[in-house]
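Working notes for the structure below.
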Amino acid sequence: MAKDSISQLLTTDVALAKLGARGISAAEAEQVPRNRHAMARNPRGPKEPPKRLLLVGRTDGGRALTLVVERTLEPTTWVVITGWSSTDAERRILER
C-alpha cells in the first residue's frame, strides 16, 4: 500500500459541523478518497513530521473538495479535521 493510502476516513461531529457550515455533506467527504485524489503537505501545518495533510479530490458529482486530514495510529485510517471547496491552486494539485 502507498505511504499515504486511505482505507478508512473518519469524520467527527466537530468536523461534520465545520463541513456543514461550508455546504459539504458527510457523504461528499467520504467520496473524495474513493475517487481520483491527491495528498499534499498542508502549507499551514508543521514542516516535520507532517501530521496533517491536504486531501484534494472530487466527489461522485464532480465537486472538487479539499479536506484537512490527520493520520491516526492505524497507518491507513485518517480523521477529517475540516474542509472546503478547492481553490484553483488546490485543483492544480489534483491535475498533476
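Identify, from the list GLY61, GLY20, the residue that is surrounded by fewer than 18 Cβ atoms within 10 Å (Cβ to Cβ) and part of a loop (DSSP other than H, G, I, E, B).
GLY61
Residues to consider are THR72, THR66, THR87, THR59; find the one that is touching a residue at least 40 places away in the same chain (Cβ under 8 Å) and among the β-branched types (Val, Ile, Thr).
Just a single option satisfies the conditions, and that option is THR72.
For the stretch 8-50, give me each residue that is at pLDDT below 90 and either farther than 21 Å from THR76 by Cα or over 13 Å from the mean Cα position of the chain (by Cα) (or both).
Across the stretch 8-50, the qualifying residues are PRO43, ARG44, GLY45, PRO46, LYS47, GLU48, PRO49, PRO50.
Does THR66 satisfy the condition of being buried (at least 16 other Cβ atoms within 10 Å of the Cβ) and within 11 Å of the chain's Cα centre (by Cα)?
Yes, satisfied.
The values are calculated or read from the model by the stated rules, or taken from the named source; none is laboratory data. Given the structure is predicted, the values throughout are model-derived calculations rather than measurements. Positions of Cβ are generated from backbone atoms using ideal geometry, with glycine treated the same way; all protein chains shown enter the neighbour counts.
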